[in-house]
Structures are given as structure tokens and as C-alpha cells.
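**Q** Sharing a structure below in C-alpha cells format, with a few things to ask.
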Amino acid sequence: MIKTGIYPGTFDPLTNGHLDIVKRSLKIIDKLIIAVADNNNKVPLLSIDERKQIIQNDLEENNIQSSNIEIQSVKGLLTEFAKSYNATCIIKGLRAVSDFEYEFQMAGMNYQLNPNIETIFLMSSDKNSFISSKLVKEVHKLGGDISSFVSTYTIKVLNNKIS
Ligand code: COA
């Protein structure tokens with residue numbers, strides 16, 4: 001049986017930290033759906049298409065096998081979305097203790113909504129544990145170098161946004 005997992009997030013934009021989670025999750029599941037949130041409480045800088053395009057570009061650039069990955073947008077309940085793909089797990093990256101409480105609540109709520117779907121947490125590797133999309137955007141806006149955190153393509157997209 002093919003094991004499908006959902007990796008949800010805002011990905012505004014995808015960072016090297018997210019890519020690391022994508023690569024590592026493919027060691028434990030067969031198929032990964034990267035679910036780009038279209039309706040959460042955040043107001044993203046990038047459109048849903050720009051965020052999906054960055055993910056597609058970065059997967060290709062990093063030779064991550066795209067036959068095992070789908071990039072989709074998600075509206076509505078994540079558990080319903082997961083069910084529609086016959087997914088058995090939701091993958092989340094945990095960077096620091098500060099992520100834990102909120103993630104713990106979401107995992108608990110999702111379990112109540114559908115106990116057939118497990119949440120699996122992958123710890124961020126050391127070098128990625130401080131990266132966040134919000135900080136990447138802030139540093140870029142203020143003229144800082146973000147090339148260690150995101151792809152050149154992403155920097156181009158961000159440059160277009162602020163020009
Ligand atoms: N490396 C680098 N950064 C990482 C990371 C990693 N491994 N893992 C997480 N992050 C960062 C992200 O960049 C983001 O940073 P930012 O806030 O600075 O932008 C932050 O951690 C996580 O934010 P986000 O991607 O928005 O995820 P989230 O944990 O807030 O959850 C959804 C977003 C879409 C998964 C969630 O809102 C959801 O499930 N929505 C669907 C509706 C639903 O079912 N609601 C009920 C849920 S119980």
C-alpha cells in the first residue's frame with residue numbers, strides 16, 4: 001500500500017528549512033502532497049501561484065524526485081483535504097520549543113477531527129532551526145542577504161514584489 005503524507009504550510013516563501021523537511025519525509029512515506037494554504041489567518045506576501053511556482057522550481061533545482069510529490073493548494077479543513085488524498089499522515093517541521101505548543105494544539109485538534117490521520121513531527125536540522133519565512137522576508141526587505149535561506153529564483157520573485 002502506498003503511504004501518502006501531507007506537508008501543509010503557508011510557504012510564503014518556501015525556505016531551505018522546508019526543503020529539508022520535504023527530503024526527509026520522503027524517507028518515511030512514498031508520496032508527499034505539499035499543501036499550500038489558501039485560507040489561513042495569515043496575509044501572505046506572495047500569491048498562491050507564486051508560492052507554488054517557487055516550490056516547483058526549488059524541487060527541480062534540488063533534484064528532488066517530483067514523481068513522488070504533488071503541489072496543491074488547500075482551502076478548508078486540512079483533515080478533509082488529507083482524507084481526499086487517502087493520506088495517512090500530516091508532516092510538520094518543529095524548529096524550537098516555541099513551535100511546540102501551537103503544533104501540539106493543531107495535532108490534537110486534527111486527531112479529534114480524524115483519528116485515522118497521524119501527525120508526524122520532524123525536527124529541523126540545526127542549521128535550519130532559526131529560519132522562518134517571516135524573518136526571510138524582513139531581512140530581504142531591509143536589504144540583507146537571504147541567499148543561504150532561499151533559492152535565487154525566490155529572491156527574484158521577492159525582488160519583483162518590492163520593486
Ligand atoms: N524550516 C523553516 N521554517 C519553518 C519550518 C522549517 N522546517 N517549519 C515551519 N517553518 C516556519 C514557516 O516558515 C512559518 O514561518 P512564518 O510564520 O515566519 O511565516 C512557520 O514556521 C509556520 O507557519 P505556517 O507555514 O503558516 O504553518 P502553521 O503551522 O501556522 O499552519 C496550516 C498552517 C495551513 C497548516 C494550518 O493553518 C492549517 O492546517 N490550516 C487548514 C485549516 C484547518 O484545518 N484548521 C484547523 C487546524 S487544527
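**Q** Go through K92, K31 for me and flag whichever is open to solvent by 30 Å² or more (accessible area, probe 1.4 Å), touching a Pro at 6+ places or on another chain (Cβ under 9 Å) and under 20 Å from E118 (Cβ atoms). I'd like the intermediate steps shown before the answer.
**A** Values: K31 fails: touching a Pro at 6+ places or on another chain (Cβ under 9 Å).
On inspection, the qualifying residue turns out to be K92.
**Q** Return a yes/no flag: does the range 14-37 have any residue that is farther than 20 Å from R95 by Cα, more than 10 Å from the ligand (Cβ to nearest atom) and modelled with pLDDT under 95. Quick ask: steps written out before the conclusion?
**A** Within the range 14-37, the first condition is being farther than 20 Å from R95 by Cα, and the residues that meet it are 29-33.
Restricting the remaining residues to those that are more than 10 Å from the ligand (Cβ to nearest atom) gives 29-33.
Applying the additional criterion that residues be modelled with pLDDT under 95 yields none.
So far as the range 14-37 goes, no, none of its residues is farther than 20 Å from R95 by Cα, more than 10 Å from the ligand (Cβ to nearest atom) and modelled with pLDDT under 95.
**Q** Can you tell me which residue among E101, E80 is loosely packed, with under 15 Cβ neighbours inside 10 Å, within 16 Å of Y7 (Cα to Cα) and of a type outside the set (F, W, Y)?
**A** On the way: E101 fails: within 16 Å of Y7 (Cα to Cα).
None of the others qualify; the one that does is E80.
**Q** What are the residues in the range 99-128 that are more than 8 Å from the ligand (Cβ to nearest atom), more than 25 Å from S147 (Cα to Cα) and among the hydroxyl-bearing types (S, T, Y), if any?
**A** If the condition is that a residue be more than 8 Å from the ligand (Cβ to nearest atom), more than 25 Å from S147 (Cα to Cα) and among the hydroxyl-bearing types (S, T, Y), then Y111, T119 are the ones that fit.
**Q** Show the residue pairs that are 6+ apart or on different chains and have beta-carbon atoms under 6 Å apart, the first residue being within the range 28-46 and of a type in the set (S, T, N, Q), the second being part of a loop (DSSP other than H, G, I, E, B).
**A** Going by the 6 Å Cβ cut-off, the qualifying pairs are N39/K75.
**Q** Let me ask something else. Taking N63, is it modelled with pLDDT of 95 or more and under 20 Å from I34 (Cα atoms)?
**A** Details: modelled with pLDDT of 95 or more: no; under 20 Å from I34 (Cα atoms): yes.
Here the answer is no, as N63 does not meet what is asked.
The values are calculated or read from the model by the stated rules, or taken from the named source; none is laboratory data. Since the model is a prediction, treat every value here as computed from it, not as a measurement. Please note: Cβ atoms are built from the backbone with ideal geometry, for glycine as well, and neighbour counts cover all protein chains shown. For accessibility, only protein heavy atoms count, side chains too; no ligands or nucleic acids. Shrake-Rupley method; radii C 1.70, N 1.55, O 1.52, S 1.80 Å.
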